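Participant: Let me give you the structure first, and then I'll get to my questions.
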Amino acid sequence: MAAPFILINLKSYAEGFGYNAQKIAQVAEKIAHENDVRIGIAPGYMDIHPFHVHYSLPVFAQHVDGVTPGAHTGHIVADALKAAGATGTLINHSERRLTLADIEAAHRSARNAGLETVICTNNVATSGAATFFEPDYIAIEPPELIGSGISVSKADPGIIEKSVEAVHSVNAGVKVLTGAGISTGECVRTALDLGTDGVLLASGVVKAADPEAVLRDLISKI
Ligand code: G3P
């Protein structure tokens, strides 16, 4: 199996942009280099280019629009993300939810631009359905647990197991992440034992007093 993927979404937290974001990226890069783990970061749009310049971590956008370059205003264009140095993108995060048609268009534009894709889903049925778009990852996150500090691995292991099953029954090549309330190595271990390829998390790292300590703990049971 490929090295587990820990994808840190910095969201729009004050602790997650500018200098604070750089500090998280620095420790993430150090830890990724020292261990057999893949760590990616999804910063705000303004931090994508600096991250690309200063770090070798995979850099994900938090959203992309399904538009091609042209007369659009205020849109996030996949080719522009790529040009700024993004290597991938989240699509349909629970805090930036899209219609099915929009997910398809966003995914297609990300693919055409050569970006790695993580489609976020909120339940088992959506996980299975989104797999037909053939993303690199499906990330299952029960919305009610997001930012709650209550880990999906403990509170709802069934949704992880069933999502892995739903995704792999459509396409065994699509990898699965899980997220919501993940903050310890034990949560990550459970997620991997349930068949996922890693985790998508935010507050556990971004809002931690010591993000490095949390990151080290997160990978301690891999
Ligand atoms: O994108 C990650 C996310 O929605 C989970 O957030 O704060 O529960 O780790 P959090």
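Participant: Order these by the 10 Å Cβ neighbour count, fewest first: 175, 207. Walk me through the numbers before you get to the answer.
Facilitator: On the way: 175 21, 207 17.
Listed from fewest to most nearby Cβ atoms, that is 207, 175.
Participant: Once the other residues with Cβ under 14 Å from the Cβ of residue 159 are scored (Lys, Arg +1; Asp, Glu -1), what is the net sum?
Facilitator: Working: positive: 154, 162; negative: 141, 144, 156, 161, 165.
Net charge in that neighbourhood comes out at -3.
Participant: GNM on the chain, C-alpha springs below 10 Å: top fluctuator among 150, 24, 41?
Facilitator: Greatest mean-square fluctuation among the candidates belongs to 150.
Participant: Does the stretch 57-101 classify as rounded, prolate or oblate by the C-alpha gyration tensor (a ≥ b ≥ c root eigenvalues; a/c under 1.5 gives rounded; else a/b over b/c gives prolate, otherwise oblate)?
Facilitator: Numbers: a/c = 2.29, a/b = 1.05, b/c = 2.18.
In terms of gyration-tensor shape, oblate.
Participant: Cut-off 10 angstrom, C-alpha nodes, Gaussian network model of the chain. Which of 111, 38, 96 fluctuates the most?
Facilitator: 96
Participant: Would you mind ranking 51, 133, 5 so that the residue whose beta carbon has the fewest other beta carbons within 10 Å leads the list?
Facilitator: Values: 51 25, 133 19, 5 22.
Least crowded to most crowded, the residues run 133, 5, 51.
Participant: Next question. Sorted from fewest to most neighbouring beta carbons within 10 Å, what does the list 120, 187 look like?
Facilitator: So the residues, fewest neighbours to most, are 187, 120.
Participant: Can you compute 3J(HN,Hα) from phi for each residue in the stretch 206-222, using the Karplus curve 6.51 cos²θ - 1.76 cosθ + 1.60 with θ = phi - 60°, rounded to whole Hz and x for Gly and Pro?
Facilitator: Values, residue by residue: 4, 9, 6, 5, 9, x, 5, 4, 5, 4, 5, 5, 4, 9, 5, 10, 6 Hz.
Participant: I want to check the label-to-label distance for residue 125 and residue 155. Put each point 7 Å from Cα in the C-beta direction and report it in nm to one decimal.
Facilitator: Going by the 7 Å Cα→Cβ label model, 2.2 nm.
Participant: Pick from 142, 211, 50 the residue whose mean-square fluctuation is largest in a GNM of the chain, springs joining Cα atoms under 10 Å.
Facilitator: 50
Participant: Okay, next question. Is it possible to state the helix-based mean residue ellipticity at 222 nm for the chain, with each DSSP H run of 4+ residues giving -39500 (n - 2.57), the sum divided by total residues, to the nearest 500 deg cm²/dmol? What is it? Please report the intermediate quantities before stating the final value.
Facilitator: Details: 10 runs with 90 residues, N = 222.
Calculated at 222 nm, the ellipticity per residue is -11500 deg cm²/dmol.
Participant: Determine the shape class of the chain: with a ≥ b ≥ c the square roots of the Cα gyration tensor eigenvalues, call it rounded for a/c under 1.5, and otherwise prolate if a/b is greater than b/c, oblate otherwise. Walk me through the numbers before you get to the answer.
Facilitator: Numbers: a/c = 1.62, a/b = 1.07, b/c = 1.51.
Note, shape of the chain comes out oblate.
Participant: Lysine pairs in the chain with Cα distance under 27 Å, only those 8 or more apart or on different chains: how many are there?
Facilitator: For the chain, the number of qualifying lysine pairs is 24.
Participant: Sticking with this one: Hey, can you grab everything whose amide H is under 5 Å from the amide H of residue 198? Only 5+ residues off in sequence or another chain; H modelled, so Pro and N-termini drop out.
Facilitator: The answer is 5, 178.
Participant: Report the local net charge at residue 134: Lys and Arg +1, Asp and Glu -1, summed over other residues whose C-beta lies under 15 Å from its C-beta.
Facilitator: Values: positive: 108, 111, 175; negative: 104, 116, 136.
Result for the local shell: 0.
Participant: Also: Place a +1 charge on the Cβ of each Lys and Arg in the chain and a -1 charge on the Cβ of each Asp and Glu, then give the dipole magnitude about the Cα centre in debye, rounded to the nearest 20.
Facilitator: Numbers: 16 positive and 24 negative charges, 35 e Å.
My answer is approximately 160 debye.
Participant: Now a separate question. Excluding residue 111 itself, what net charge comes from residues whose Cβ is under 13 Å from its Cβ, given Lys and Arg +1 and Asp and Glu -1? Before the final figure, lay out each step's value.
Facilitator: On the way: positive: 82, 108; negative: 79, 104, 116, 134, 136.
Neighbourhood net charge equals -3.
Taken together, the values in this text are just the output of simple stated rules run on the coordinates, not laboratory data. Computed from a predicted model, the values in this text were never measured in an experiment. Positions of Cβ are backbone-derived with ideal geometry, glycine not excepted, and every protein chain shown enters the neighbour counts.
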